[in-house]
1. From the list Thr259, Thr247, Thr253, pick out the single residue that is over 30 Å from Pro187 (Cα atoms), out of contact with any strand residue (DSSP E or B) (no Cβ under 7 Å at 6 or more places or on another chain) and modelled with pLDDT of 90 or more.
2. Out of all the residues in segment 67-84, is one or more charged (D, E, K, R) and part of a strand (DSSP E or B)?
3. Please work out if Phe377 is of a type in the set (Phe, Trp, Tyr) and more than 26 Å from Leu234 (Cβ to Cβ).
4. Can you spot a residue in segment 281-296 that is within 15 Å of the chain's Cα centre (by Cα) and not charged (D, E, K, R)?
5. Grab the strands (runs of 3 or more DSSP E) fully contained in segment 262-320, keeping just those with 2 or more residues being in the same structural domain as Pro187 (by TED's automatic domain parsing) and surrounded by 15 or more Cβ atoms within 10 Å (Cβ to Cβ).
6. Read through the list (1) within 26 Å of Leu41 (Cβ to Cβ); (2) of a type in the set (A, V, I, L, M, F, W, C); (3) in contact (Cβ under 8 Å) with a residue 40 or more places away in the chain, then give the number of the only condition that Met274 fails.
7. Considering every residue within segment 96-113, establish whether at least one is at positive phi, of a type outside the set (Gly, Ala, Ser) and crowded, with 17+ Cβ neighbours inside 10 Å.
Amino acid sequence: MPSTFSQGIEFVNDFKDQIRNEIHAVSMNWFVNRCPLVTRLPRIPVASTTFTVVSRVARPRTLKLGAALSAIDSSATFSDASYLMVGDVLELVSGERIEITGEVNVSTNAVTIRRAAEGTTAATGALNDTVRLVGNSRTGGEVNQLAVAMKPLVTSQFCQTWQHPVQISGSLQAATGFSSAASGGTPLDQARMDGLQNLMDDMESTSYYGRGEDPALVARPKQKGLKTLITTNLVTSPTSASAYKATDLIRDTLERCRTNGGNPDVMLLSSNFMTGLAVWGHAVQRIDAGTSVFGVPINVFEAPFLGGITLIEAPLLRPFTAVALTSSEIRMRVKRNEFWNSRGVRGDAVEGDWIAEGAIELQNESHHAWLEGITAFSA
C-alpha cells in the first residue's frame, strides 16, 4: 500500500510532506509554569500577519492647566481639553469650582468658563496645576458637542514566526520519556523537547519585550510585546526604587489600572519579586490550581494584601518586574500553533523544525500596568 494512505506519525520520512503535527496541547500543558503567558492565555485565530488592537479610553478625571488663571479670567486653557463638554464642572487646587459654558477651542485648548460655581469662591490657578473633573451637568436637550468622551486608539500588531531546527541521531533520538524536573517522563524525545522549550521561551520573551517590526518593511516581522503595548501605565523609574515597599507596588500597578477603568485580576511577577513579597512580610500562599494533563502542578499564588489578585511567577521576566493585567482583555492571536515540521531522515538522523506564528493582543492598554526599574525591596 502506498505510504500516502498510511495513518499515524511513525514513519517520519513517509509523512514529511503530508502532515504537520500540531503540538500545542503538549507545549501548553508541559511549560505551563515556565511560560505562563503564552500557555495560559486564551488563543484566537488570526488570518493576517498584521492586525489592529483597539483601545478605548474613558474621559480622564484629571487634567492640567495649560496657563495660569487669575481670579477674574472668564476662560481657561488646559494641556488637553479635547474631551471636555459644555456643562462640565471642574475643581481647581484652591477648591473653586468652575463650569464650562462654551465649546472647546481645539486649536488652543481654551474654554469659556463660569467662575465660583456651586457656592465656591473665585481664586487663582498656576500653570500645570492639577484640575479634577467632577462631572457633567446638562439640560437634557443639548446635542451640539465637539468633545470625544471615548477616544479609540488603534495600534498595529504584527505576527512573528518562531522557528527552531532539530537534527538528532544515534542514541539521543531514542531518549524518550527521560526524567525531567517538571514532572516525570517527557512526552517527546529529549532533543525535540529541548527544541520545543527554546521555541516556547522565545514566544514568551518576545511577548514581553518585543518592540515590533512591520512585515511590509522587513523580511522577518516582530511582534510588539507587553512593554511596548502598555504606554499609559508604563513605570520604568518608580518612586522609592531603592527602597521599594508593598504600598509602592499597589500605587504603580493596581491603582493606575483602576484609575483608568481597568479591573486587574492577575499579576505576573519576576522570580525575585517572590523574595520581595517575603521581605515585605507578605510571603505568597500557593493556591491548589490542579495539575496539567502531564501531571505538572500549576503554580498559582496569592498575597492577602493584594485583595484577591492572582499572582503568577514568570521566570522569563527580568528581575524586579511586575505586570498587572486585566485578564479579560488579553489573549494570544495565532496564525499557526506550535507544530513539528519534519524535514525527513538522513541515515540515522531525524531532521525537522519547531515552528509557530502569532502575536499577543492587548485591548484597552490603560487597563494594564508594567513596572520595572526597582533596585531593592524594603520592609
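The values are calculated or read from the model by the stated rules, or taken from the named source; none is laboratory data. Only a predicted model underlies this, so the values are computations on that prediction, with no experimental measurement involved. Methodologically, a virtual Cβ is constructed for each residue, glycine included, from the backbone with ideal geometry; neighbour enumeration extends over all protein chains shown.
1. On the way: Thr259 fails: modelled with pLDDT of 90 or more; Thr253 fails: out of contact with any strand residue (DSSP E or B) (no Cβ under 7 Å at 6 or more places or on another chain).
Only one candidate qualifies: Thr247.
2. no
3. It is false that Phe377 is of a type in the set (Phe, Trp, Tyr) and more than 26 Å from Leu234 (Cβ to Cβ).
4. Within segment 281-296, not a single residue is within 15 Å of the chain's Cα centre (by Cα) and not charged (D, E, K, R).
5. Numbers: elements: 266-269, 285-291, 297-302, 310-313.
Qualifying strands (runs of 3 or more DSSP E): 266-269, 297-302, 310-313.
6. Met274 satisfies all of (1) within 26 Å of Leu41 (Cβ to Cβ); (2) of a type in the set (A, V, I, L, M, F, W, C); (3) in contact (Cβ under 8 Å) with a residue 40 or more places away in the chain except (3).
7. Here is the first cut: in segment 96-113, the ones at positive phi are 109.
Checking the rest, the ones that are also of a type outside the set (Gly, Ala, Ser) come to 109.
Among the residues that remain, those that are also crowded, with 17+ Cβ neighbours inside 10 Å are: 109.
There is at least one residue in segment 96-113 that is at positive phi, of a type outside the set (Gly, Ala, Ser) and crowded, with 17+ Cβ neighbours inside 10 Å.
Residue by residue, here is whether (1) at positive phi; (2) at pLDDT below 95; (3) of a type in the set (Gly, Ala, Ser) holds:
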| residue | (1), (2), (3) |
| --- | --- |
| Glu313 | no, no, no |
| Arg318 | no, no, no |
| Thr321 | no, no, no |
| Arg333 | no, no, no |
| Ser342 | no, yes, yes |
| Asp353 | no, yes, no |
| Ala359 | no, no, yes |
